[in-house]
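To start, the structure under review is shown below, and the notes come after it.
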Amino acid sequence: MILLADVKLLCASFASSVIFLIRDEIKAGKSDKEIYKKLEDEYGETVLYAPKFDLQTAGIWLSPVIVGGIAAGIWAYQKHRQRTNVHIMALNLVRGVPLTPREKETMLDILTPPPPPRKWWWPGK
């Protein structure tokens, strides 16, 4: 079981090792670019807090925007269908209005939407 003190010790040892590495590189007369390259080689590009923009990072950063856009599109489409479906609007208008059985039958015949057109590429019954 990892304790909080172990995590703090691990972070402190990592930070001190990075500090010593940078100090040694400066004493050796290395330039900033060389030190950054050494840090990246030793610990990976995430230690620089500025990872390169490539396909992986693009996916990580853009996936919330894409998922949010898809969700917003689905929501807007459902709202649009809800507002423009004349048959549902008409049925909601007459809900609670007493009608005779013949009037109900006529209303349902008129307001029932026609079946969707059969697509030639989709096998149907």
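Any read-out appearing in this document is the output of simple, stated calculations on the displayed coordinates, not a laboratory observation. Values in this document were obtained by computation on a predicted structure and should not be read as measured data. Neighbour counts are summed over all protein chains in view; Cβ atoms, including those assigned to glycine, are modelled from backbone coordinates with ideal geometry.
For this structure, a couple of remarks:
- For Ala12 and Tyr49, the difference between the fully extended length at 0.36 nm per residue and the C-alpha to C-alpha distance is 11.5 nm.
- Rg/Rh (Cα only; Kirkwood hydrodynamic radius) as it applies to segment 22-101: 1.60
- The stretch between Lys37 and Thr57 holds 5.3 nm of extra length on full extension. This uses 0.36 nm per residue minus the Cα-Cα distance.
- Order of Glu25, Glu42 - criterion: other Cβ atoms within 10 Å of each residue's Cβ, fewest first: Glu42, Glu25
- Within-15-Å neighbourhood charge of Ile35 [Cβ basis; K, R +1; D, E -1]: -2
- Of the trypsin sites (Lys or Arg not before Pro) found in segment 30-65, those that fall in a DSSP loop while having at most 16 other beta-carbon atoms within 10 Å are Lys30, Lys52.
- Ranked Leu108, Leu39, criterion: other C-beta atoms within 10 Å, fewest first: Leu108, Leu39
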